[in-house]
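Just below is one structure, and these are the notes that go with it.
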């Protein structure tokens, strides 16, 4: 049996497994589908984790380290090597595959100033140029869509680590995404920078964010407000296409194409786009239909408007963004009042969290 025939059978088998899992409740289904990709990334990172985790173990809190009334969130841009390592290490504990992001990128740690422990992670990247749920909202100017969309970013990583997740720390991280400080970091990093493809200078305005839920409908972003202002709003669902259910076979797909002289290398546009193109081209070479890339999980799409005149700005009616004023300190204070303290009184379980479970998880999955 040649390599192409074997790969063809493996792809069909993966799709059949996907269909067999459709009876599982949606969130459990998503975790099941992502599990092979997560395991693959952890396995490849195992040697690095074993070397790195002991250096940063002190950043992971026990339940006994946390005093809800004293929590003092700090938003820290990821700039130093130790911050890069801590971000990667914490992200590897999640049940979604780790990604470095692509294009323009900003990363943040949320730390608890009361004890120095890690609370959560936030990662932003270049937005998809085509996102139907978003694009239906705006009347872009003729040939002006790319310029306007490229003044937004997409949230590719957002969440809290234990035991802060149990205390709705994810809500805090989502609020942080809309903060003045995030916009300020964007402006400092990308002011006067040239785009990679067209070598033009875009305004260093960050006017909106988009995000998709990890597991179908989102409980994290729903009802996300700061007092009377909505921070995020649902704008629809994705169409259920992607390649993560074929992640185990992606290296073989690349080998197949490279053997036929078809490049699978990145460059500008690398990231989800190049992965999608590689999978689609491999299916073509194997005489398999591209609809096998439809996994059927429709993720909820959310928009975070950062300016009051977003519709007019996207339509090209104005070039002057009118920003909401949302300092991180105020957002964190609201989170503490609205979510943290009531949750800490109602819910137990976070008290008993042992941070050593983080190391056990990483090393067990890496074997």
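The values are calculated or read from the model by the stated rules, or taken from the named source; none is laboratory data. All values derive from a computational prediction rather than experimental measurement. Positions of Cβ are backbone-derived with ideal geometry, glycine not excepted, and every protein chain shown enters the neighbour counts.
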**Fill in**
In the range 308-322, residues that are surrounded by fewer than 16 Cβ atoms within 10 Å (Cβ to Cβ) and within 26 Å of the chain's Cα centre (by Cα) total 2
**Complete:** Restricted to the range 190-225 and to residues being more than 12 Å from residue 151 (Cα to Cα) and outside any loop (DSSP other than H, G, I, E, B), the residue modelled with the lowest pLDDT is 194
**Prompt:** Scanning the range 289-307 for residues that are buried (at least 17 other Cβ atoms within 10 Å of the Cβ) and not in a strand (DSSP E or B), which turns out modelled with the highest pLDDT?
**Reply:** 306
**Of all residues making up the range 100-125, the number that are under 16 Å from residue 72 (Cβ atoms) and surrounded by fewer than 19 Cβ atoms within 10 Å (Cβ to Cβ)** = 4
**Message:** Regarding the range 252-272, can at least one residue be identified that is without any contact (Cβ under 8 Å) to a residue 60 or more places away in the chain, under 30 Å from residue 142 (Cβ atoms) and either in contact with a helix residue (DSSP H, G or I) (Cβ under 7 Å, 6 or more places away or on another chain) or surrounded by fewer than 13 Cβ atoms within 10 Å (Cβ to Cβ) (or both)?
**Reply:** yes
**Message:** Given the condition closer than 29 Å to residue 64 by Cβ and part of a helix (DSSP H, G or I), answer yes or no: does some residue in the range 314-325 qualify?
**Reply:** no
**Request:** Select from the range 323-337 the residues that are surrounded by 13 or more Cβ atoms within 10 Å (Cβ to Cβ) and touching a residue at least 12 places away in the same chain (Cβ under 8 Å) and list them in ascending order.
**Result:** 323, 324, 326, 328, 330, 331, 332, 334, 335, 336
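For the range 130-143, what are the residues that are at pLDDT below 90 and more than 16 Å from residue 235 (Cβ to Cβ)? Spell out how you get there, then give the answer.
Within the range 130-143, the subset at pLDDT below 90 is 130, 142-143.
If the condition is that a residue be at pLDDT below 90 and more than 16 Å from residue 235 (Cβ to Cβ), then 142, 143 are the ones that fit.
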**Request:** Could you please find all residues in the range 229-240 being surrounded by fewer than 16 Cβ atoms within 10 Å (Cβ to Cβ) and either modelled with pLDDT under 90 or closer than 27 Å to residue 14 by Cα (or both)?
**Result:** 239, 240
